[in-house]
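What follows is a set of notes on a single structure, which appears directly below.
What follows is calculated from the coordinates using simple rules that are stated; it is not laboratory data. This is a predicted model, so every value here is computed, not measured. All Cβ positions, even for glycine, are placed from backbone atoms using ideal geometry, and neighbour counts span all protein chains on display.
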Amino acid sequence: MTPAGEGDTSGERWALALAAIDVLVAAGNGIGGILLRARPGPVRDAWADALNLVIPSRRLPASADAEALDGGLDLTATLASGKPVHRAGIFADASGKALVVPMAERMNAGLAARLATAIDDGCPPLVLFDEGDPEDAERERIPQGLADRLAIHIDLNAVRLDMAALIAGEAPPPPLELLAEPGAIAKDPETALAVAAAALGIASIRAPIMAVRVARAHARARVADDAINHSRPDDIEALREADMAAAAALVLGPRATRVPPPPEEEPPPPEEQPDDQPPPEEPPPPPPPSDDHQGDDQDQPEPPPFDPTDMILDAAQTALPPGLLDALAAGTMGKAPKASGSSGAKQKSITSGRPAGVRPGMPGRGARLALIETIKTAAPWQKIRPVRDDGRLAIRTDDLRIRRFVAQTQSTTIFAVDASGSAAFARLAEAKGAVELLLAEAYVKRAEVALVAFRGTEAALALPPTRSLPRAKKELAGLAGGGGTPLAAGLDMARKVAEGEKARGRTPLVVVLTDGRANVGGSAGQSPQDAALASARAFRLSGVACVFIDCSPRPRPQGAELANAMGARLVTLPRVDAKSVVAAVKAASGGAV
Amino acid sequence: MAPPARTPFPFTAIVGQAEMKQALLLAAVEPRLGGVMVFGDRGTGKSTAVRALAGLLPPMKVVPGCRYKCAPDDRNACIEGCRDRAGKQVEESPVPFVDLPLGATEDRVVGSLDLERALATGEKRFEPGLLAKANRGFLYIDEINLLEDHLVDLLLDVAVSGTNVVEREGLSIRHPARFILVGSGNPEEGELRPQLLDRFGLSVDVRTPTDLGDRIEIVKRCDRFDRDPVAFVAEFQDSEQHTLEAIAKARKLLPRVQVEDAMLGLGAQLCSAVGADGLRGELTLLRAARAQAALAGKKHVKPHHVAEVATMALRHRLRRNVLDDTGSTARITRAIAELIPA
């Protein structure tokens, strides 16, 4: 989405985000919670303030462990007092509050799994702040299993608020401005939502189920609101137009993977939609919030129930995920870059892995007390230490020992494949073969493989790091070849992916497959080859291990020069084939792959 | 997709997913099958189905106060001597359903020294973990393919031996841990090691229902269940009771179901035709066929029983060829068509 398009929907999105708060409160614990995509900033703060007005919130750091959630023995206090001291967990502490998780995209898989289970068992409503940069295709994501369980997805990245009001420190507008007109009663709302979900290409059946719950919660909130403002409460069982629109915009729209064809018009292919006009049709203008509640309308006879499917689709399109249309146009849908944030194992860990002895340290934050070792350490000192009144062992903080674990180092092999020119097909096919061969063995060592292809004018991450063979096959099947050689772009992309893997605690290894002759890239004063050399030197600074496979039929010095600049091991394979690539990779990684 | 209420969603109210439901029923009838692995997308009702089945099963008899839920007629001695303390008393307890979360520590899974007791009274006491809790019930692991390796190894060992051996923190304990392992996962998010996969008796693929009618029905049922769980459960009372009786009958009948030599031969032929490695596949195939016959109320295993369970018993055991894309299911279906005339 371009900024031009954002201006149009900013107000609507904000109203929707505020409506979500009411729905969350009215829904009880059936809908999981809210996933809010927003960079930290005044807009998000204003939303959090609005949330706080309605329901108190408890912050949950994304680094919390299971013990912090469920409570447990407070070891330090227990040892000090000589009798068990329990500490209440965050879940117990948060009953009646909303659990707010900032930086949720950094959440580890363990916490996400625990929260997902908690949602199934009915825990306090969760509010996750996804602070990832929406422009960054390589950003970390909230684990899908958890995101899917949160009914409401909101994107505030495109919302602009009135600066003057923010600067003046005015309170956010009260979140009671639900879509003002309740509208007519919807006929068969469950069917309509299920049909709409299918039309929007939402595979998970959880989405329409959640949508029904959100619609019902919206109806409850609306009726409660009406009861205050009017003397005539509405029937709580009936879902009206406004409820369906809210459910569509909060639940279905953000999950859409395709744009439904507009009914009864020549169906224009979605690719032709101009960027700045995301919905093919303008959504029905939401009735302007008015102070006058139009009591006259309430007295008119009820219009007959209507089929709300089209209305739902329109409403859902106000909340399509940003970039959906661009992604559809580029044909890159369905390539979620990463399953989860930091699921890679750490090399040395105090929380998980195989036990590897103990060391002095404080328990807590995931570290487990090694009781026996602690007592052993304290025992020799008992004679010198003052005798406790209760006759128990005197244990000091210095005596505390915690357990240590080691987790196996896990590696990611990143192939950067030159997909340009006439030799592209053979080279690509062998690179794909090498990926599949490596993955076929990968489950033993938990190794992951990624593939960056560069051709034409740019490099693309054709296969995000994965250890799944079916996924690799699926995504590499349609990889095209031909065109120029943007070697610099390819090297830069490989470095970015490698650095991302390092940040996940994995060990990256980059394998470059090219003939070493760049002919695209650079600028006015810089030849493509010089640009590639500059990228190669930048690569070297990142300290990522690399194998440079020169696969030109007659190796020329450019290849060696590049490999040297990258600090890479040079392998010349004039007749490249999958097996020898794998052998070269294995030799370079010392068997870690 | 679990509803907020504690009442589990009725098993028979789950729309579609016939293969998954069938596999779970077989596992409930014949616990020695070795569990069920469910492959599939998110939001396909996997956990709902497993929970529903656990809720459907009749309460089991246990020795009162036993932390491992020993059966009163189990002749193996309990490590805590529960039967000596309880005498002839018997208590009923619901079939346990234990959810093993991805981030679980080894301590929580196998159990550890009871710190509270150790500090308060100086007593060295074992605090049972999730494996003990799951004894005689279901152990459900969502996204098992993302589980840490060292936990997978540990689970493998316990699932095969039925005993959890704890040698840590100065404790030396072994306790029974016989459970039906139900795993689920999405193969596109990472593969499961073949060693672990092979331990699962049955494997099923679930897909998101694509039929619009089914999808609408699911949404409607969930909505009705949300709004009035009691009335919804009452509506399915009869079919739930029916399923329950079928399981009970099949369990009783199972020891008397005959597997004739011809069926043993058929099983062996089928396994070698599809290239399923190892004896485990053959054994599971016949056990599953036997359970299938028992569920149908038959005393003899017939070829169609074998055919009905072959896909789920063998699908995950075929030797994989990286360069051959033919699905395992297709290979098995072909072999069945050749060997077992319809």
- Does the stretch B:211-262 classify as rounded, prolate or oblate by the C-alpha gyration tensor (a ≥ b ≥ c root eigenvalues; a/c under 1.5 gives rounded; else a/b over b/c gives prolate, otherwise oblate)? oblate
- Place a label point 7 angstrom from the Cα of residue B:237 along the Cα-to-Cβ direction, then list the residues of the stretch B:37-57 whose backbone nitrogen is under 18 Å away. B:56-57
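To the nearest 0.05, how large is the calculated FRET efficiency for residue A:537 and residue A:85 if R₀ is 51 Å and r is the Cβ-Cβ distance?
On the way: r = 57 Å, r/R0 = 1.13.
Result of the calculation: an efficiency of 0.35.
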- Note on the structure: Per the C-alpha gyration tensor (a ≥ b ≥ c, the square roots of its eigenvalues), the stretch B:255-339 is rounded if a/c is under 1.5, else prolate if a/b beats b/c, else oblate; here it's prolate
- Task: Take the Cβ-Cβ distance between residue A:359 and residue B:74 as r, set R0 to 56 Å, and report the resulting FRET efficiency rounded to the nearest 0.05.
- Result: 0.85
- Message: Nearest 500 deg cm²/dmol is fine: what mean residue ellipticity at 222 nm does chain B get from its DSSP H runs of n ≥ 4 alone, each adding -39,500 (n - 2.57), divided by its residue count?
- Response: -14000 deg cm²/dmol
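Calculate the FRET efficiency for residue B:125 and residue B:193 from the Cβ-Cβ distance with a Förster distance of 30 Å, rounded to the nearest 0.05.
Working: r = 35 Å, r/R0 = 1.16.
Step by step, r from the Cβ atoms, then E = 0.30.
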- Averaging sequence separations of C-alpha pairs under 8 Å and six or more residues apart, then dividing by the length of the stretch B:255-339, give the relative contact order as a whole percent. 36 percent
- Query: What is the distance, in nm, between label points placed 7 Å from the Cα along the Cα-to-Cβ direction at residue A:429 and at residue B:207?
  - Reply: 3.0 nm
- Item | Estimated distance in nm for a label pair at residue A:499 and residue B:261, the labels positioned 7 Å out from Cα along Cα-to-Cβ | 7.3 nm
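Relative contact order for the stretch A:411-589 using alpha-carbon pairs under 8 Å, separation at least 6, rounded to a whole percent?
Working: 396 pairs, mean separation 41.9, N = 179.
Relative contact order for the stretch A:411-589 comes out at 23 percent.
Given +1 on the Cβ of Lys and Arg, -1 on the Cβ of Asp and Glu, and no further charges, what dipole in debye does the stretch B:255-339 carry about its Cα centre, rounded to the nearest 20? Walk me through the numbers before you get to the answer.
Working: 13 positive and 8 negative charges, 65 e Å.
It comes to approximately 320 debye.
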- Task: For each of A:218, B:304, count neighbouring Cβ atoms within 10 Å of the residue's Cβ, then give the residues from fewest to most.
- Result: B:304, A:218
- Based on DSSP, what percent of beta bridges with both residues in the stretch A:411-589 are antiparallel, to the nearest 5? 20 percent
- Message: Against the 2.2 N^0.38 Å scaling, with N counting residues, where does the stretch B:14-113 land? I'd like the Cα-based Rg ratio to two decimal places.
- Response: 1.32
- Item | Pairs from B:69/B:249; A:97/B:61; B:61/B:302 whose Cα-Cα separation, in the structure shown, is over 28 Å | A:97/B:61; B:61/B:302
- Message: Can you compute the modelled spin-label distance between residue A:188 and residue B:244, with each label point 7 Å from Cα toward Cβ, in nm?
- Response: 3.4 nm
- Which percentage, to the nearest 5, of the DSSP beta bridges contained in chain B is antiparallel? 45 percent
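Give me the number: length gained by fully extending residue A:556 to residue A:397, i.e. 0.36 nm times residue separation minus the C-alpha to C-alpha distance, one decimal in nm.
Values: separation 159, 0.36 × 159 = 57.24 nm, distance 6.49 nm.
Stretched fully, the residue A:556-residue A:397 segment lengthens by 50.7 nm.
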